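A.B. asks: I'd like to ask some things about the structure below.
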Amino acid sequence: MLVVSVLSLKGGVGKTSVVLGLAGAAVARGLSVVVVDMDPQGNATSVLRARRARATLADAMAQPDAATVDAALTKTGWSEGAATVRLLPSDADLVRFDAWAPGRRLRPRLRRALAHLDGVDLVLIDCPPSLGALTREALAAANLAVVVTTPSFFGAQGAERALTEIQEIKDTVNPGLEFAGIVVNRLRESTEEHRYRKRELIELYGAQALLKPAIPDRVAVQQAESTGQPLHAVKSSGARELSKSFDKMLGRLLKKARKAGAEPAS
Ligand SMILES: Nc1ncnc2c1ncn2[C@@H]1O[C@H](COP(=O)(O)OP(=O)(O)OP(=O)(O)O)[C@@H](O)[C@H]1O
Ligand SMILES: [Mg+2]
């Protein structure tokens with residue numbers, strides 16, 4: 001089972017959109033997916049419009065045993081043949097797991113919870129916009145970490161902090177964690193400022209550090225989210241362009257996972 005955490009320190013850069021884009025691409029490829037909504041805002045949970053669960057991710061974190069994980073795992077309407085996207089839904093209660101003090105020892109509760117998942121190829125974790133305990137829990141449970149940024153001055157700063165955090169978790173609780181790359185989201189190639197910020201990221205981190213392709217800024221993202229559909233189901237040229245981008249990105253992630261020795265189950 002491949003576990004990918006999608007994070008950024010900065011809010012609103014597109015973590016949830018990238019998780020949903022990758023989930024849509026994965027189910028279209030026939031993979032069985034679980035989205036873990038680690039954000040107390042619950043944006044992924046509302047887009048996926050899952051049936052009301054008997055339990056939530058907060059319950060599974062409080063009690064990471066097989067019965068509680070099973071009760072929290074809910075079906076969504078996203079499926080392609082036998083492949084489905086299921087959800088470990090967020091609720092406001094998750095906040096109580098976000099408290100963090102330097103020097104505190106992380107008890108990887110999410111990792112323990114995810115160990116009970118069965119028949120799942122890919123787990124995508126949507127992190128909250130902070131580097132509190134929830135994001136650390138997500139990193140402690142992952143094989144791959146994806147950092148999302150936008151082509152902006154603050155975006156580059158946020159990426160730096162996220163990279164430091166990934167290294168720290170790798171050095172302490174999760175030696176198997178690999179940095180998969182930085183996603184440049186909402187790119188408008190026609191804008192000089194955006195081209196400049198993308199070049200700046202390459203100068204700072206090297207071309208290899210960017211997870212290709214960059215994701216263009218298209219209203220289809222909002223159309224898909226507001227109607228609760230995967231991008232692959234939205235009929236517009238923007239949606240097709242985005243779907244192709246996420247298909248390629250997923251392909252690259254699976255390749256990196258193979259290299260890192262963490263493959264999806266099928
Ligand atoms: N590639 C894109 N093109 C157009 N709009 C986008 C794109 N990516 C994200 N958005 C829009 O930007 C807004 C923020 O995106 P999203 O919620 O995915 O960010 P986030 O990083 O998860 O935010 P938060 O930090 O609050 O969790 C949303 O309205 C989303 O529809
Ligand atoms: Mg989000």
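Each value in this text was obtained by applying a stated rule to the coordinates, not by laboratory testing. What you see is a predicted model; the values in this text were computed from it and never measured. All Cβ positions, even for glycine, are placed from backbone atoms using ideal geometry, and neighbour counts span all protein chains on display.
A.B. asks: Could you calculate the contour length gain from residue 252 to residue 105, that is, 0.36 nm times the residue separation minus the distance between their Cα atoms, to one decimal place in nm?
C.D. replies: Result: 49.6 nm gained on full extension.
A.B. asks: What is the distance, in nm, between label points placed 7 Å from the Cα along the Cα-to-Cβ direction at residue 196 and at residue 46?
C.D. replies: With each label placed 7 Å out from Cα toward Cβ, I get 3.5 nm.
A.B. asks: Using all alpha carbons of segment 1-102, what is the percent of pairwise distances in each 10 Å bin, ordered from the shortest bin to the longest?
C.D. replies: Percent of Cα pairs in each bin: 15, 46, 33, 5, 0.
A.B. asks: Kindly identify segment 164-266 as rounded, prolate or oblate by the Cα gyration tensor criterion: order the square roots of the eigenvalues as a ≥ b ≥ c, call it rounded if a/c is under 1.5, otherwise compare a/b with b/c, prolate if a/b is larger, else oblate.
C.D. replies: oblate
A.B. asks: A follow-up question, please. With equal scatterers on the alpha carbons only and no solvent term, can you work out the Debye log10 of I(q)/I(0) for segment 99-183 at 0.11, 0.22, 0.25, 0.26 1/Å?
C.D. replies: After summing over all Cα pairs, the log10 values are -0.30, -1.13, -1.38, -1.46.
A.B. asks: How would you order 41-52, 101-112, 22-33, 164-175 from highest to lowest mean count of nearby Cβ atoms within 10 Å?
C.D. replies: Top of the packing list down: 22-33, 41-52, 164-175, 101-112.
A.B. asks: Here is a further query. Would you mind counting up the charge near residue 173? Only other residues with Cβ under 10 Å from its Cβ, with Lys and Arg at +1 and Asp and Glu at -1.
C.D. replies: Cβ neighbours under 10 Å give a net charge of +2.
A.B. asks: Taking only DSSP H segments of four or more residues, each worth -39500 (n - 2.57), what value at 222 nm results for the chain once the sum is divided by all its residues, to the nearest 500 deg cm²/dmol?
C.D. replies: On the way: 10 runs with 113 residues, N = 266.
The per-residue figure over the chain is -13000 deg cm²/dmol.
A.B. asks: Also, I was wondering about something else. So if I take the centroid of the Cα atoms in segment 1-78 and the same for segment 99-170, what is the distance between those two points in Å?
C.D. replies: When both Cα centres are located, 14 Å separates them.
A.B. asks: Could you give the radius of gyration (one decimal) and Dmax (whole number) of the Cα atoms in the chain, in Å?
C.D. replies: Cα-based Rg and Dmax for the chain come out at 17.1, 53 Å.
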